[in-house]
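Here the structure is laid out as structure tokens; the discussion comes afterwards.
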Amino acid sequence: MEKFQITKEFSEDILSLIQERRGDELVPVLNRLHAPDIAELIEDYDLEEAVYLTSLLETPKKVEVLAELEPEARQNYLDGFNSEQIAVDFISNMDSDDAADLLNEFEPERTSEILSKMPDHAYSMSLATLLRYPEDAAGGLMASELIKVNINWDVAQCTAEIRKQAEEVSKVFTVYVVDDDDILLGIVSLKKIILAKANSRVSEIYESNFVSENVYAPGEKVASTMNKYDLVSLPIVDALGRLVGRITIDDVMDFVKEEADKDYQLLSGISENVEVSDRIWVLSRARLPWLIIGLFGGVMSSLVIGGFEGEISRNVSLAFFMPLVMAMGGNAGVQSSAIVVQGLANNTLGHITILPRLGKEFMVALINALVCASIVLIYGLVSKVGYDITIVVCISMLSAIIFASLMGSLIPIMLNTFGIDPALATGPFITTSNDLLGLFIYFFTGHAIL
């Protein structure tokens, strides 16, 4: 399939064909476009134009386009359809995990209405079950479509069942082996099934050594497990060990991307998961809390400076190096917290206790601080700033870097211990607190020496 570059001119040409309702010319073009390209197009069109354009697509491709839309654009697009149309045209043709994600975007009343319009009652009940689980848990990420065989079957019966079940599964990665109570016992590869004799039994060729996760396992744990064991598909079981679904690598990648976006916004001082297209008040509400915290931090910094006003008036040169000490402490703290947050996210810190981690961070901070202080010392001697002021700056910066690095390592670990997202420790929180700490150390040192 040819890859298209969506340009402004191309988008305007398509829009002209839509407005003139020249579907016979649009269909060949749409058939050559990928679903993400069509999604990119209709996000720039109004509702009527978008609905007309997608009405020219076959149902599977229309569903793909819907999945590629940004959440707000998707909701705006679905405003052009009633609940029955959404149920029949979209939900019924989606994998259960994607369908559940879409239903979670509606208000509960609308979700119930859509489910009641589903032509397949069994499928609607399956979706209702998935909606009971938290969105960021294994149950909220999994799909109920999978291929399973009974351990007591022979290969011939197994092959026949696989053919039947595969009609409902878009991607076949693994065949799961269960007993009569649906308890997950193991897995069997398609290769083994193909190579085995028809009268061989599943119990003779399956592997009992497998990895699974509980339906309520956090999404982060699921992603960590799949990454650790290099899995493309992970079976999900309930409290009794019964197979209830599977999570594929594409679902995990979507989850990881969403979590990365949230963490990036948190470390940037944005308290909610927002999009560029969100309303002005929503964007403002997400940014304001950390700005207010930063404001209080600035007020506290001014109080610290005011408390040492006498020192500044007697040694005006102290004011010149305030930004340097504050910046070095803040940068060191952010670096330390970023490494710890990353380690907590991928579970590489799980076996490391706090004291060894702080000891290692102290040594790293000491080396970095000594190098930076040496550079400042050379600069102070060469530029004739003054020996006393140079010593104050060197000692203050060395102390600020060490303390900020230790705080940057300790705070994320503490937040994680109390069940708070450690990404909060990065960015404005660390920067503001370390600015205060750096200023206090700087002026206290100046007072003591000068």
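The values are calculated or read from the model by the stated rules, or taken from the named source; none is laboratory data. Because the structure is a prediction, the values reported are computed rather than measured. Backbone-built Cβ (ideal geometry, glycine too); neighbour counts: all protein chains shown.
Observations, loosely collected:
- A single entry from Ile42, Ile18, Ile14 fulfils the requirement of being under 26 Å from Ile114 (Cα atoms) and surrounded by 16 or more Cβ atoms within 10 Å (Cβ to Cβ): Ile42.
Conditions tested, residue by residue: (1) of a type in the set (Ser, Thr, Tyr); (2) under 30 Å from Met226 (Cβ atoms); (3) at pLDDT 80 or above.
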position: Arg287; (1), (2), (3): no, no, no
position: Leu291; (1), (2), (3): no, no, no
position: Leu303; (1), (2), (3): no, no, yes
position: Pro323; (1), (2), (3): no, no, yes
position: Gln335; (1), (2), (3): no, yes, yes
position: Val341; (1), (2), (3): no, yes, no
position: Ala345; (1), (2), (3): no, yes, no
position: Lys360; (1), (2), (3): no, yes, yes
position: Leu377; (1), (2), (3): no, no, yes
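- Elements of the type helices (runs of 4 or more DSSP H) sitting completely within the stretch 95-211 and holding at least 3 residues that are surrounded by 14 or more Cβ atoms within 10 Å (Cβ to Cβ) and in contact (Cβ under 8 Å) with a residue 60 or more places away in the chain: these cover 138-141.
- Sole residue being among the small types (Gly, Ala, Ser), modelled with pLDDT under 80 and part of a helix (DSSP H, G or I), chosen from Ala404, Ala423: Ala423
- All positions within the stretch 228-269 that are at pLDDT 85 or above, in a loop (DSSP other than H, G, I, E, B) and not assigned by TED's automatic domain parsing to the domain that holds Asp180: none
- Tallying residues that are within 27 Å of the chain's Cα centre (by Cα) and aliphatic (A, V, I, L, M) within the stretch 68-123 yields 9.
- Ser170 in contact with a Ser or Thr (Cβ under 7 Å, 6 or more places away or on another chain) and of a type in the set (Ser, Thr, Tyr): no
- Tally, over the stretch 232-253, of residues that are buried (at least 17 other Cβ atoms within 10 Å of the Cβ) and among the charged types (D, E, K, R): 2
- The selection criterion, being part of a helix (DSSP H, G or I) and crowded, with 16+ Cβ neighbours inside 10 Å, holds for Glu220.
- Meets criteria (at pLDDT 90 or above, of a type in the set (Phe, Trp, Tyr) and part of a loop (DSSP other than H, G, I, E, B)) for Phe81: yes
- Scanning the stretch 124-157 for residues that are over 24 Å from the mean Cα position of the chain (by Cα) and aliphatic (A, V, I, L, M) returns Met125, Ala128, Leu146, Ile147, Val149, Ile151, Val155, Ala156.
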